[in-house]
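What follows is a single structure, written as structure tokens, with notes after it.
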Amino acid sequence: MFDEIYLLTDARSVCDPDITSREVDLICKLLSIKVKNSILDLCGGHGRHSLELCARGFNKCTLLDYSGYLLDCARAKAADHNYPIELIQADARSTGLASESFDHVIIMGNSLGYIGERDADRQILTEAKRVLCSGGWFVVDVANGTRVKESFNPRAWHEIGQDIVVCRERSIEGDSLCAREMVLSKKDGIIRDCSYGIHLYEPQGLEMLMKEIGFRKIKIYTDFSPHKGEGDYGFMNHRMLGVGRKLKKIGEPQEQTV
Ligand SMILES: C[S@@+](CC[C@H](N)C(=O)[O-])C[C@H]1O[C@@H](n2cnc3c(N)ncnc32)[C@H](O)[C@@H]1O
């Protein structure tokens with residue numbers, strides 16, 4: 001799913017520099033990032049957060065994603081600006097990165113819940129905690145399941161430019177959102193017809209999962225929306241942020257930074 005068509009269908013959320021800038025404002029505020037800090041942008045897609053962080057002088061960013069296409073886009077943009085982003089194609093459940101090697105780990109833009117296997121998200125968050133330094137902060141940004149259910153709309157469509165129409169048909173089954181997405185080109189006909197499911201987290205569920213994995217000082221910020229309007233952005237407008245810390249080992253000072 002995460003290819004050139006995704007960059008069209010989700011462009012309103014993931015290819016808008018103002019939105020990315022607002023999201024990075026929030027990351028910087030919540031995590032108190034310092035210029036010397038290393039940041040892992042896990043499931044970072046085409047690197048919009050790493051690129052924006054580098055533009056602000058936080059240039060120790062590592063971008064990890066599964067999608068070779070999105071990493072190639074990030075590589076090209078990083079090269080254009082001479083940003084030293086390290087790019088890794090890997091599964092976030094098992095990154096191969098050294099333990100305790102990042103001051104901060106971020107998972108932005110609703111990147112959990114896509115893998116059908118029951119424990120997949122738990123494995124991703126466990127891996128995030130493993131690679132995080134003791135005392136480091138973690139943030140995860142997912143759709144707010146409570147808000148999604150309250151304002152559920154089973155059908156939505158939007159146009160992109162003169163040629164593309166994106167149609168989504170959705171249903172909620174328990175804690176899963178099932179969607180069929182059809183993308184039509186007026187010139188070329190159907191260019192995508194796919195179905196997928198995504199796990200929906202309620203704020204308490206996300207908090208519980210983070211706690212079970214061992215994050216502490218957890219805060220869940222609900223109703224985060226970088227979109228100014230009230231349109232249907234495929235749930236990218238009803239999000240929540242979970243922030244947590246990997247505590248230092250016993251004997252190390254536990255100073256507060258957030
Ligand atoms: C909705 S996109 C968001 C991308 C990016 N964080 C952003 O905000 O623009 C979700 C991303 O998560 C990645 N992803 C999902 N599960 C993954 C996994 N197990 N390992 C690596 N990447 C994964 C996908 O390839 C995709 O790029």
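The values are calculated or read from the model by the stated rules, or taken from the named source; none is laboratory data. It should be emphasised that the depicted structure is a prediction, and the values quoted were computed from it without experimental measurement. Because the Cβ atoms are built from the backbone with ideal geometry, glycine has one as well, and the counts that use them run over all protein chains shown. The accessibility values were calculated without ligands, DNA or RNA, using every heavy atom of the protein model including side chains. Shrake-Rupley method; radii C 1.70, N 1.55, O 1.52, S 1.80 Å.
Looking only at strands (runs of 3 or more DSSP E) that lie completely in the range 65-152, which have at least 2 residues being crowded, with 16+ Cβ neighbours inside 10 Å, among the small types (Gly, Ala, Ser) and more than 12 Å from the ligand (Cβ to nearest atom)?
The qualifying strands (runs of 3 or more DSSP E) are 132-143.
Out of the range 28-64, which residues are part of a loop (DSSP other than H, G, I, E, B) and more than 17 Å from the chain's Cα centre (by Cα)?
Residues satisfying the conditions are 32, 33, 34, 35, 36, 37, 38, 56, 57, 58, 59, 60.
Anything in the range 21-47 that is within 15 Å of residue 139 (Cβ to Cβ) and within 12 Å of the ligand (Cβ to nearest atom)? List them, or say none.
Scanning the range 21-47 gives 23, 24, 27, 40, 41, 42, 43, 44.
Considering the range 176-211 alone, what residues qualify as being part of a helix (DSSP H, G or I) and in contact (Cβ under 8 Å) with a residue 40 or more places away in the chain?
Residues of the range 176-211 that are part of a helix (DSSP H, G or I), as a first pass: 203-211.
Within the range 176-211, 203, 205, 206, 209, 210 qualify.
Going by the structure shown, is residue 139 more than 30 Å from residue 102 (Cβ to Cβ) and not hydroxyl-bearing (Ser, Thr, Tyr)?
Answer is no for this residue.
Could you please find all residues in the range 5-27 being open to solvent by less than 30 Å² (accessible area, probe 1.4 Å) and either in a loop (DSSP other than H, G, I, E, B) or more than 13 Å from residue 109 (Cβ to Cβ) (or both)?
Scanning the range 5-27 gives 5, 9.
Quick check on my filter: what residues within the range 48-64 are away from the ligand (no atom under 13 Å from the Cβ) and more than 22 Å from residue 127 (Cα to Cα)?
If the condition is that a residue be away from the ligand (no atom under 13 Å from the Cβ) and more than 22 Å from residue 127 (Cα to Cα), then 54, 55, 56, 57, 58, 59 are the ones that fit.
Looking at the range 162-173, is at least one residue touching a Cys at 6+ places or on another chain (Cβ under 7 Å) and open to solvent by 60 Å² or more (accessible area, probe 1.4 Å)?
no
Pairs, please: C-beta under 6 Å, at least 6 apart or cross-chain, first residue within 12 Å of residue 210 (Cβ to Cβ) and small (Gly, Ala, Ser) and in the range 116-139, second away from the ligand (no atom under 13 Å from the Cβ) and part of a strand (DSSP E or B)?
Hits for this filter: 128/138.
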